[in-house]
Amino acid sequence: MKKFQLAFLLLLFAGSAYAQFEDTKFVIGAAVGFNNDALSGVSSIGVVPSFAKTIKSDALIGLSGGYYTTILKNDDSNSKETWNNLRTGIFYQKFYGVADRVFFNWRVLAGVSFNNQGNNSSTYDNRGYNFSLVPGFSWKVMDSIILNASLGEAGYSYQSWSSGAQNGSVDIKNSQFNIRFNNPQFGVTFLIK
């Protein structure tokens with residue numbers, strides 16, 4: 001019975017994915033991402049535009065950008081730190097049909113980021129490289145409009161900081177692997193024939 005169920009799911013994915021980008025040449029989209037973590041005092045909001053070319057009827061390759069602003073509040077010391085993040089990169093995105101006009105998708109993104117962080121006593125400039133895998137769902141509401149949602153991502157990032165504190169300059173390098181489910185993104189995509 002399990003083999004039959006698996007074969008049925010594979011046929012469903014293969015059969016319904018072909019119509020995602022039929023007769024579409026380019027895709028333009030934008031998403032809004034946000035995060036509000038009450039435990040750590042971090043909140044952020046960002047805008048992520050993208051432009052892609054269809055390479056198959058169920059796959060895209062494109063460019064993505066983004067601007068995020070993040071605020072870290074510490075209620076114990078009444079301090080506030082602000083981070084401004086600018087990102088750009090290339091991505092590959094693949095779609096699998098789940099139901100009529102509903103798709104599961106995943107996006108692999110490789111890019112660079114530029115950050116500026118500041119608080120009452122210092123500022124930091126941060127440059128880095130990012131690699132991420134972002135799963136999500138899409139709903140083709142019209143022939144030329146798709147609504148998208150993702151709840152998190154898995155990724156690797158490498159950053160190098162240059163600190164301009166009042167008591168001198170410090171250089172820091174950091175690499176980390178993250179899996180996050182607290183930064184949803186919601187967006188819209190327009191299909192250009």
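Please give, to one decimal in nm, the separation of the simple spin-label points placed at D23 and F114, each 7 Å out from Cα toward the Cβ.
Reported label-point gap for D23 and F114 is 4.2 nm.
What accessible surface, in Å², does a 1.4 Å probe find on I61, ignoring ligands, DNA and RNA and rounding to the nearest 10?
Roughly 90 Å² of I61 is accessible to a 1.4 Å probe.
Exceeding 28 Å between C-alpha atoms, which entries from my cross-link table qualify? They are K53/K173; K73/K94; K25/K140; K73/K173.
Exceeds cut-off: K53/K173; K73/K94.
Probe 1.4 Å, all protein chains in place: accessible area of W106 in Å², nearest 10?
70 Å²
For an R0 of 25 angstrom, estimate the FRET efficiency from the Cβ-Cβ distance between M142 and K53 and round to the nearest 0.05.
My answer for the efficiency is 0.75.
Ordering R127, R87, R107 by accessible area with a probe of 1.4 Å, largest first, what comes out?
The residues order as R127, R87, R107, largest area first.
Quick one: net charge of W106's neighbours, Cβ under 14 Å, K/R +1, D/E -1?
Every neighbour counted, the sum reads 0.
With θ taken as phi - 60° and the coefficients 6.51, -1.76 and 1.60, list the Karplus ³J(HN,Hα) couplings across the stretch 87-102 in order, rounded to whole Hz; mark glycine and proline as x.
10, 8, x, 10, 9, 10, 9, 10, 10, 10, x, 10, 8, 4, 6, 10
Taking θ = phi - 60°, what integer Hz values does the Karplus form 6.51 cos²θ - 1.76 cosθ + 1.60 yield along the stretch 144-151, in sequence order, with x for Gly and Pro?
10, 9, 10, 9, 10, 8, 9, 10
The values are calculated or read from the model by the stated rules, or taken from the named source; none is laboratory data. Values in this document were obtained by computation on a predicted structure and should not be read as measured data. In this analysis, Cβ positions are derived from the backbone assuming ideal geometry, glycine residues included, and neighbour counts consider all displayed protein chains. Side chains are part of the model used for accessible areas, which takes the heavy atoms of the whole protein and leaves out ligands, DNA and RNA. Shrake-Rupley method; radii C 1.70, N 1.55, O 1.52, S 1.80 Å.
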